[in-house]
Amino acid sequence: MKRLAFMTLLGAAAAAGTLVADDATGWHSLFDGKTLEGWKSNEEVPGVFTVENGAIKVKGGRAHLFYAGKVQDAKFRNFEFKAKVMTKKNANSGIYFHTEFQKDGWPAKGYECQVNNSFDKDPRRTGSLYAVQDFKDVFVKDDEWFDYHIKVVGKHITVTVNGKVTADYTEKEGDPRGDGDQKKGRWVSAGTFAFQAHDPGCEAHYKDIAVKPLD
């Protein structure tokens with residue numbers, strides 16, 4: 001009966017042109033597994049983002065892929081985000097949130113959650129809230145899928161990898177922003193998500209990408 005009621009709600013919402021969650025738990029898929037519909041690359045290096053075997057493949061020089069789809073009009077404040085991630089050796093990637101489209105350079109707005117299991121030039125490992133609360137242990141392997149979960153409620157940010165909390169941070173006024181001018185925009189606000197390709201040697205894969213808005 002609950003499923004029937006939910007399906008009736010889906011039909012009514014569709015008829016009204018309202019975007020509804022994929023299921024009764026409130027999660028929305030952000031990736032169809034076949035195309036990059038709803039995503040926008042800044043093409044700083046063309047062709048970095050492709051779809052392969054049901055996943056977004058990130059391979060090549062610096063570029064960023066921003067969510068620009070219909071869910072929440074691509075503007076999220078309080079949310080849960082999840083994805084399955086796989087890295088290849090020397091991958092250096094990341095997941096941004098509360099960011100916005102930028103045609104080149106490192107995104108100046110929002111936080112980055114690090115994806116790096118074996119890129120030795122940067123000691124910040126998968127699960128780090130980049131340059132804000134860093135995680136230096138390696139406990140997930142290249143060439144294996146792992147679960148990445150990000151939750152933001154108010155000023156509280158939690159990053160979880162394979163069920164392990166790697167960053168648990170509550171932003172406070174006056175907190176240091178880390179080194180470099182590009183980190184000055186790292187404040188809780190609202191915005192979209194983005195995947196990063198950091199350098200030519202990077203290869204990472206993302207699938208089962210979904211968000212659960214909390215406001």
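The values are calculated or read from the model by the stated rules, or taken from the named source; none is laboratory data. Because the structure is a prediction, the values reported are computed rather than measured. Because the Cβ atoms are built from the backbone with ideal geometry, glycine has one as well, and the counts that use them run over all protein chains shown.
No other residue among F135, F81, F76, F97 is among the hydrophobic types (A, V, I, L, M, F, W, C), out of contact with any helix residue (DSSP H, G or I) (no Cβ under 6 Å at 6 or more places or on another chain) and modelled with pLDDT under 95 apart from F135.
May I ask you to verify whether D142 is out of contact with any strand residue (DSSP E or B) (no Cβ under 6 Å at 6 or more places or on another chain), within 28 Å of G47 (Cα to Cα), part of a loop (DSSP other than H, G, I, E, B) and among the acidic types (D, E)? Can you show your working first?
On the way: out of contact with any strand residue (DSSP E or B) (no Cβ under 6 Å at 6 or more places or on another chain): no; within 28 Å of G47 (Cα to Cα): yes; part of a loop (DSSP other than H, G, I, E, B): yes; among the acidic types (D, E): yes.
So D142 fails the test.
Against the criterion of being within 16 Å of the chain's Cα centre (by Cα), at pLDDT 95 or above and at positive phi, D208 qualifies.
With the condition kept exactly as written, say whether any residue in the range 145-152 is in contact with a Pro (Cβ under 9 Å, 6 or more places away or on another chain), in contact (Cβ under 8 Å) with a residue 40 or more places away in the chain and farther than 17 Å from Q196 by Cα. Scanning the range 145-152, I find no residue that is in contact with a Pro (Cβ under 9 Å, 6 or more places away or on another chain), in contact (Cβ under 8 Å) with a residue 40 or more places away in the chain and farther than 17 Å from Q196 by Cα, so the answer is no. I want to confirm something. Restricting to the range 155-176 and keeping residues that are modelled with pLDDT of 95 or more and among the charged types (D, E, K, R), which single residue is nearest to D215 (Cα to Cα)? Only one residue fits best here, namely K155. Would it be correct to say that D199 is under 26 Å from K88 (Cα atoms) and not in a strand (DSSP E or B)? Spelling it out, D199 is indeed under 26 Å from K88 (Cα atoms) and not in a strand (DSSP E or B). The numbered conditions (1) modelled with pLDDT of 95 or more; (2) among the polar types (S, T, N, Q); (3) surrounded by fewer than 18 Cβ atoms within 10 Å (Cβ to Cβ); (4) under 22 Å from G61 (Cα atoms) are all true for N117 except (3). Taken over the range 90-114, the criterion of being more than 16 Å from A167 (Cα to Cα), among the charged types (D, E, K, R) and crowded, with 18+ Cβ neighbours inside 10 Å is satisfied by E100, K109.
Does any residue of the range 134-147 turn out to be under 15 Å from the mean Cα position of the chain (by Cα) and surrounded by fewer than 22 Cβ atoms within 10 Å (Cβ to Cβ)? Within the range 134-147, one or more residues are under 15 Å from the mean Cα position of the chain (by Cα) and surrounded by fewer than 22 Cβ atoms within 10 Å (Cβ to Cβ).
Among the numbered criteria (1) closer than 21 Å to N92 by Cβ; (2) not in a strand (DSSP E or B), which single criterion is violated by K172? Here K172 clears every test but (1).
Tell me yes or no: at least one residue of the range 148-169 is more than 24 Å from F76 (Cβ to Cβ), over 17 Å from the mean Cα position of the chain (by Cα) and part of a loop (DSSP other than H, G, I, E, B).
No, the range 148-169 has no match at all.
Taken over the range 181-198, the criterion of being surrounded by fewer than 17 Cβ atoms within 10 Å (Cβ to Cβ), among the charged types (D, E, K, R) and in contact (Cβ under 8 Å) with a residue 12 or more places away in the chain is satisfied by K184 alone.
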